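First comes the structure, then the notes that go with it.
The values are calculated or read from the model by the stated rules, or taken from the named source; none is laboratory data. Quick caveat, the model's predicted, so the values are computed rather than measured. Here Cβ is always computed from backbone atoms with ideal geometry, including for glycine, and neighbour counts include all displayed protein chains. Ligands, DNA and RNA are excluded from the accessible area calculation, which covers all protein heavy atoms including side chains. Shrake-Rupley method; radii C 1.70, N 1.55, O 1.52, S 1.80 Å.
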Amino acid sequence: MMAASQIKPTAVAIIGAGDIFPAYAKGLAQFGNLRLIGVADAKPEAAQSRAAEFDLPLMSLDQLLGSEAEIIINLTPPLAHRAVGEAVLKAGKHLYTEKPLAGSFADGAALMEKAAALGLRIGCAPDTFLGGAGQAARALVDANGIGRIVAGQATMMERGPDDWHPNPEFFYRPGAGPLMDMGVYYLTQLVQLLGPITLVSGLAHTSWPLRQIPRGPRQGEHIKVETPTHLVAGLTFEQGAFITLSTSFDVWKHKSSHIELFGELGSLVLPDPNQFGGELELCVADGDWAAQAPLAFTGRHRGLGVAEMADALRSGRPHRASGEMALHVLEAMDAILRSAEQQAPLALQTRCARPDPVPAGFAASLQMQEQCA
Ligand SMILES: NC(=O)c1ccc[n+]([C@@H]2O[C@H](COP(=O)([O-])OP(=O)(O)OC[C@H]3O[C@@H](n4cnc5c(N)ncnc54)[C@H](O)[C@@H]3O)[C@@H](O)[C@H]2O)c1
């Protein structure tokens, strides 16, 4: 077996030079098993500015698709994920895409079919479940720490990204909204802990059909809201648990926990699944809450899923932030929206296996450099 230091880093390139690009450029630099070789964007000036900022080769989209990159990372808005993803697969590259997998379940399924036909892989964010908090929770659940999980609740409620994102329109279009943009972190964490969902029931509401950008260079401009901004869902998991999920862009503040799981033997509270680290709280029966430390990967590791996918490709094993899991989560979100429209519960067609827990010492196989600030 080759020593980690002898393995040639996997060349990766990025399409989409927008708001999230710097987090990826910095995050990917932590992993010695990856080499970022270029950036392209439909707006050449956006790519040019990021290339200069991070001292990267600037590429046209065609140059990037024809480059030596083995994995292409798609950081475009959700409604572009299918077309960009198809172009990546057509170019014979593996695809790692930002969440959600696509703007709709039909588009996500089409991407997965194309990848299967071409013998290529799809990886998909969120990869935060690979972080120390998600993995500590997984170890506790697998060790039967709270017994059989029968119920739970997950809450992502905030006032929306209007006041910090330079181009917040896409958050209010199909493929985003609080469920597809943020609920995806919560659902992915729940699926990695509990396994697949079988049935969903959704209620959806739009509190304001028009929103006004409160500050920044576009202050005062209006955004038309084209997808619900406050949703409540009931989720039945194959293993039997019933979990409620609330997601909203209409709420200033609340006091609910991010994720709470209720088992026959006790309860477990998880931190924000949009972060890699954070403390967990465990309570056995009606005893006191006890803080539980996270495992490895507790910093800003954006791109961990790409590094893990590259490692999986080299060793021929399945990768953990998989297209299969992302498609299942996308189907659940799509079905919650359809269930709300139809006012009826909907059974899901897809299922996925839980990704294997991250083994101890995994950071070494990714040849991790210093943790990103
Ligand atoms: N901004 C964040 O904090 C954040 C966090 C986590 C995940 N994400 C995800 O990352 C993705 C991108 O988000 P963002 O905030 O960077 O968006 P953004 O609007 O800031 O940037 C998107 C970039 O993609 C480019 N683009 C659009 N369509 C394209 C196409 N067809 N081909 C090539 N380039 C195209 C745009 O020109 C733009 O530069 C989304 O899927 C989002 O859900 C964003």
* Asked: For segment 129-292, which whole percent of the accessible surface, found with a 1.4 angstrom probe, sits on carbon and sulfur atoms?
  -> 53
* Structure fact -> Cα extents of the chain per principal axis, largest first, Å, are 57, 55, 40
* Determine, for each peptide in 183-191, 209-217, 13-21, the mean count of other beta carbons within 10 angstrom over its residues, then list the peptides with the highest first. => 183-191, 13-21, 209-217
* Structure fact -> Among the DSSP H helices of the chain, those whose Cα atoms extend at least 24 Å along the helix axis and whose mean Kyte-Doolittle hydropathy is 0.0 or higher are 323-342
* Asked: Mean 1/r over all different Cα pairs, inverted: what Kirkwood radius does segment 129-292 give, in Å?
  -> 16.8
* Please report how far the C-alpha centroid of segment 262-287 lies from that of segment 289-322, rounded to the nearest whole angstrom. => 20
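Is it possible to state the helix-based mean residue ellipticity at 222 nm for the chain, with each DSSP H run of 4+ residues giving -39500 (n - 2.57), the sum divided by total residues, to the nearest 500 deg cm²/dmol? What is it?
On the way: 10 runs with 105 residues, N = 373.
Taken over the chain, the calculation gives -8500 deg cm²/dmol.
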* To do: With viscosity set to 1.306 mPa s and temperature to 10 °C, compute the Stokes-Einstein D of segment 186-232, Rh being the Kirkwood radius across alpha carbon pairs; µm²/s, no decimals.
  => 116
* Give the accessible surface of the chain per residue, rounded to a whole number of Å², with probe radius 1.4 Å and ligands, DNA and RNA excluded. => 43
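Can you check what the net charge comes to around P78, using other residues whose Cβ is under 13 Å from the Cβ of P78 (Lys, Arg +1; Asp, Glu -1)? Don't skip to the end; give the middle numbers.
Numbers: positive: R82, K99, R173; negative: E98, D107, E169, D181, E226, D334.
So the environment of P78 carries a net charge of -3.
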* If we sort 174-180, 282-288 on the protection proxy, mean other Cβ atoms within 10 Å, highest first, what's the order? -> 174-180, 282-288
